[in-house]
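Visitor: One structure, as structure tokens, below. Some questions next.
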Amino acid sequence: MTPLVIKETTATPKVIFDYSKLEFELKGCSRPEDVREFYVPIIRWFEEFRGSITEEHKEKHKDNPIVFNFKFDYFNSSSAKFILDVLILINNIHTEGLSMQIDWYYDENDEDMKEVGEELSEVVDFPFKYKSIARETQH
């Protein structure tokens, strides 16, 4: 499976989806000018990934789920719909037998981002693990 790697910009998050390294992360700010253009390749990657899953993959990850890290500083409402689509795909893959886990990171001072994660978790009916990140102090 070909990895999907997109560099972070001021308007788009860093994306790393690499099954061979078991590295899956969306990180940063998501407010792309053309949200569809940015997220459609991500959705396509998940659909291809979903189609490539074998019984061997399911057995390999039975007791060791694949972890998807969501580390958003901010995302706009246009991005939220596509992020929800990604979460639904992760849940569908999990339901089909591949053990998955979603780690939702948020700044310790940003309870709103934690609440957004809780709401998305309810919508997709998939429990997230919440991880508070301490803000680095400037010297």
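The values are calculated or read from the model by the stated rules, or taken from the named source; none is laboratory data. Everything quoted here is computed from the prediction, not taken from an experiment. For neighbour counting, all protein chains shown are included, and Cβ atoms are generated from backbone atoms with ideal geometry for every residue, glycine included.
Visitor: Tell me whether region 85-103 contains one or more residues that are at negative phi, of a type outside the set (A, V, I, L, M, F, W, C) and in a strand (DSSP E or B).
Guide: Yes, region 85-103 has at least one match.
Visitor: Taking the criterion of being among the aromatic types (F, W, Y), buried (at least 20 other Cβ atoms within 10 Å of the Cβ) and either modelled with pLDDT of 95 or more or farther than 13 Å from P127 by Cα (or both), would at least one residue in region 80-94 satisfy it?
Guide: no
Visitor: Check whether at least one residue in region 41-49 is under 30 Å from R135 (Cβ atoms), within 15 Å of the chain's Cα centre (by Cα) and either of a type in the set (S, T, Y) or surrounded by 13 or more Cβ atoms within 10 Å (Cβ to Cβ) (or both), and report yes or no.
Guide: Yes, because at least one residue in region 41-49 is under 30 Å from R135 (Cβ atoms), within 15 Å of the chain's Cα centre (by Cα) and either of a type in the set (S, T, Y) or surrounded by 13 or more Cβ atoms within 10 Å (Cβ to Cβ) (or both).
Visitor: Out of all the residues in region 87-115, which are of a type outside the set (D, E) and out of contact with any helix residue (DSSP H, G or I) (no Cβ under 6 Å at 6 or more places or on another chain)?
Guide: Those that are of a type outside the set (D, E) and out of contact with any helix residue (DSSP H, G or I) (no Cβ under 6 Å at 6 or more places or on another chain): I90, N92, H94, T95, S99, Q101, I102, Y105, N109, M113, K114.
Visitor: Run down E8, E33, E37, E56 and say which single residue is assigned to a loop (DSSP other than H, G, I, E, B) and exposed (fewer than 12 other Cβ atoms within 10 Å of the Cβ).
Guide: Only one candidate qualifies: E33.
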